[in-house]
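The values are calculated or read from the model by the stated rules, or taken from the named source; none is laboratory data. Since the structure is predicted, the reported quantities are computational estimates derived from the model, not experimental observations. Cβ coordinates were reconstructed from backbone atoms using ideal geometry, including for glycine residues, and neighbour counts include every protein chain displayed. When the accessible area is computed, the model is the full protein with side chains, heavy atoms only, and any ligands, DNA or RNA have been set aside. Shrake-Rupley method; radii C 1.70, N 1.55, O 1.52, S 1.80 Å.
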Amino acid sequence: MTRAQLVDIARRGVAHYRAGTVDQESGIHEVPVANYHDADRWQLEMDHIFGRLPLMVAFSAELRGAGAYKAMDVAGMPVLLSRGDGGAVRAFVNMCSHRGAIVVADGLGTARRHACPYHSWTYDSHGDLVGIRDAATFGDVDKSCNGLTSLPVAERAGLVWVTLRPAGSIDIDAHLCGYGEMLTHLDFENCHVVGRQTVEGPGWKVAYDGYLDYYHLPVLHRESFGPDMSSEALFDSWGPHQRVTAPDRHFAELAELPEDEWTIERLIGGVWTIFPHVSIAAFDAGGKMYMVSQLFPGDAAGESYTIQNFLHTRPPDDEQAELVAERMAFLERVVRDEDYYTGKRIERTVRTGAKSVFMFGRNEGGGQRFHRWVDAVLATDDADLAELFGSGVESLR
Ligand SMILES: [Fe+2]
């Protein structure tokens, strides 16, 4: 079923390649420059986008087996993910019920119990409070209603999402608009996490614009990987989630083959993004390696940081480790010294007041749709959010 979608996309790519054409939006889309630096607008983005949409925070491959956990900061909230005895992943605010200390230090591991570092209250992998130190002299506490506070969580396609509203819920299939089935083709479920590094960046939208943008590749990246890259792009979207490909040699290869030889591997190229903050690209490192960039806002409109996660399709060994380390260093350098260096300088210009709008051209449909979706989510009340991700999809294409 979803292979058919990949084939349709590839047919379109081949047709563009043969005709020497690209996707064209109906017009140039203008985005107010103020959207990039206005503090009130940024706060609204934090509340309405990062504060209530599902965020992709972890990989199934990081949480293998009962007791596996991951603790991290997610857009300002300390979050603990933990796989329980029944196999389901749970998510919690990583905050002790006693007096609010962060219970589990950031990182990954496996543990049946988590002891708070402040007074050693203890929680199990289901978030239940199981131990109060010196309970006899502490006083009566009902352990059954003082576990860690749960967050809505969902696991699909080898990826784990949470929403940061303890009392909320998560309908990940509605949020993904059919994209979850597409992501299963990337096979993260069977990948191995082989590395992780963090890059400080400009404001989250300046940074994210770059991941949807092929136009800049041969220019900004002329000293690194740019000379081999097409600056033209084809976009496909499932709700706000978008895949970017280029009508280049990849489609030239497909054009030479009968369709029954279009393997899944040949059909899943390009950049896959997950709204509002994830970008996935594949590289060669002794086999296939994905870089999954998780973008998180910093403390103000002009700041963000990106966790670059590296997942490999085959288990790690010494030879692979060397190639992975080389690739990781290269990708850190490219993103830090080329993309985010430029982005941070954009953060200086947006505050000058010299320009009132930025332009997204007719072949920059990815950025056009991204900004339309940001606007739409900001303008939508909680009660209407599900509808936006359902019937509103087509109107935002
Ligand atoms: Fe770039």
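Check Val130, Val141, Val79 and return the single one that is outside the structural domain of Tyr290 (by TED's automatic domain parsing), among the β-branched types (Val, Ile, Thr), farther than 24 Å from Phe389 by Cβ and not in a loop (DSSP other than H, G, I, E, B). Walk me through how you get there before you give the answer.
Numbers: Val141 fails: not in a loop (DSSP other than H, G, I, E, B); Val79 fails: farther than 24 Å from Phe389 by Cβ.
Residue meeting the stated conditions: Val130.
If you check Ala246 against the conditions, is it of a type outside the set (Val, Ile, Thr) and touching a helix residue (DSSP H, G or I) at 6+ places or on another chain (Cβ under 8 Å)?
Numbers: of a type outside the set (Val, Ile, Thr): yes; touching a helix residue (DSSP H, G or I) at 6+ places or on another chain (Cβ under 8 Å): no.
It is false that Ala246 is of a type outside the set (Val, Ile, Thr) and touching a helix residue (DSSP H, G or I) at 6+ places or on another chain (Cβ under 8 Å).
Among the listed residues Arg345, Arg362, identify the single one that is within 16 Å of the ligand (Cβ to nearest atom), under 25 Å from Glu30 (Cα atoms) and either open to solvent by 60 Å² or more (accessible area, probe 1.4 Å) or not assigned by TED's automatic domain parsing to the domain that holds Asp23 (or both). Spell out how you get there, then give the answer.
Working: Arg362 fails: within 16 Å of the ligand (Cβ to nearest atom).
Just a single option satisfies the conditions, and that option is Arg345.
Just checking, which of Asp284, Asp337 is more than 22 Å from Val57 (Cβ to Cβ) and within 16 Å of the ligand (Cβ to nearest atom)? Let's see the steps before the verdict.
Working: Asp284 fails: within 16 Å of the ligand (Cβ to nearest atom).
Exactly one of Asp284, Asp337 is more than 22 Å from Val57 (Cβ to Cβ) and within 16 Å of the ligand (Cβ to nearest atom), namely Asp337.
Exactly one condition in (1) more than 16 Å from the ligand (Cβ to nearest atom); (2) farther than 27 Å from His192 by Cα; (3) open to solvent by 70 Å² or more (accessible area, probe 1.4 Å) is not met by Gly353; state its number.
With respect to (1) more than 16 Å from the ligand (Cβ to nearest atom); (2) farther than 27 Å from His192 by Cα; (3) open to solvent by 70 Å² or more (accessible area, probe 1.4 Å), Gly353 is out only on (3).
A quick yes/no check of all residues on (1) in contact (Cβ under 8 Å) with a residue 24 or more places away in the chain; (2) touching a Phe, Trp or Tyr at 6+ places or on another chain (Cβ under 7 Å):
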site	(1), (2)
Gly180	yes, no
Leu217	no, no
Ser224	yes, no
Pro247	yes, yes
Phe251	yes, yes
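Quick check on this structure: which one of Ala15, Ala39 is more than 17 Å from the chain's Cα centre (by Cα) and more than 25 Å from Leu295 (Cβ to Cβ)?
Ala15
Do the conditions hold for Gly353, that is, is it touching a helix residue (DSSP H, G or I) at 6+ places or on another chain (Cβ under 6 Å) and either assigned by TED's automatic domain parsing to the domain that holds Ala207 or free of Cβ contacts under 8 Å to residues at least 40 places away in the same chain (or both)?
Values: touching a helix residue (DSSP H, G or I) at 6+ places or on another chain (Cβ under 6 Å): no; either assigned by TED's automatic domain parsing to the domain that holds Ala207 or free of Cβ contacts under 8 Å to residues at least 40 places away in the same chain (or both): yes.
No: the conditions fail for Gly353.
Can you tell me how many residues in the range 183-202 are out of contact with any strand residue (DSSP E or B) (no Cβ under 6 Å at 6 or more places or on another chain) and either closer than 28 Å to Glu303 by Cβ or modelled with pLDDT under 95 (or both)?
Residues that pass the stated criteria total 1.
All but one of (1) over 17 Å from the mean Cα position of the chain (by Cα); (2) open to solvent by 20 Å² or more (accessible area, probe 1.4 Å); (3) away from the ligand (no atom under 12 Å from the Cβ) hold for Asp187; which doesn't?
(1)
Right, Tyr118: assigned to a loop (DSSP other than H, G, I, E, B) and modelled with pLDDT of 95 or more or not? If you could, list the steps in order and put the result at the bottom.
On the way: assigned to a loop (DSSP other than H, G, I, E, B): yes; modelled with pLDDT of 95 or more: yes.
When the stated conditions are applied, Tyr118 passes them.
Would you check if there is a residue in the range 132-145 being surrounded by 14 or more Cβ atoms within 10 Å (Cβ to Cβ) and within 33 Å of the chain's Cα centre (by Cα)?
Here is the first cut: in the range 132-145, the residues surrounded by 14 or more Cβ atoms within 10 Å (Cβ to Cβ) are 132, 141, 143.
Cutting the leftovers down to within 33 Å of the chain's Cα centre (by Cα) gives us none.
No.
Residue check: is Thr2 in contact with an Asp or Glu (Cβ under 8 Å, 6 or more places away or on another chain) and polar (S, T, N, Q)? So that I can check it myself, show each step before the final result.
Details: in contact with an Asp or Glu (Cβ under 8 Å, 6 or more places away or on another chain): yes; polar (S, T, N, Q): yes.
Yes; evaluated as a whole, the condition is true for this residue.
Here is a list: Thr352, Thr342, Thr263, Thr313. Which entry is more than 20 Å from Val219 (Cβ to Cβ), within 22 Å of the chain's Cα centre (by Cα) and β-branched (Val, Ile, Thr)? Let's see the steps before the verdict.
Numbers: Thr352 fails: within 22 Å of the chain's Cα centre (by Cα); Thr342 fails: more than 20 Å from Val219 (Cβ to Cβ); Thr263 fails: within 22 Å of the chain's Cα centre (by Cα).
The unique qualifying residue is Thr313.
For the range 21-32, state whether one or more residues are open to solvent by 30 Å² or more (accessible area, probe 1.4 Å), on the phi < 0 side of the Ramachandran plot and part of a helix (DSSP H, G or I).
no
Determine whether Met72 is more than 26 Å from Tyr290 (Cβ to Cβ) and open to solvent by 10 Å² or more (accessible area, probe 1.4 Å).
On the way: more than 26 Å from Tyr290 (Cβ to Cβ): no; open to solvent by 10 Å² or more (accessible area, probe 1.4 Å): yes.
Considered against the rule, which asks whether it is more than 26 Å from Tyr290 (Cβ to Cβ) and open to solvent by 10 Å² or more (accessible area, probe 1.4 Å), Met72 comes out as no.
Go through the range 251-270 and count every residue that is open to solvent by 20 Å² or more (accessible area, probe 1.4 Å) and closer than 21 Å to His312 by Cβ.
Qualifying residue count for the region: 6.
What is the residue count in the range 197-224 for residues that are away from the ligand (no atom under 16 Å from the Cβ) and either in contact with a Leu (Cβ under 9 Å, 6 or more places away or on another chain) or not assigned by TED's automatic domain parsing to the domain that holds Glu265 (or both)?
Total meeting the criteria: 1.
Which numbered condition in (1) in a helix (DSSP H, G or I); (2) under 28 Å from Thr198 (Cα atoms) is the only one that Asp384 fails?
Exception for Asp384: condition (2).
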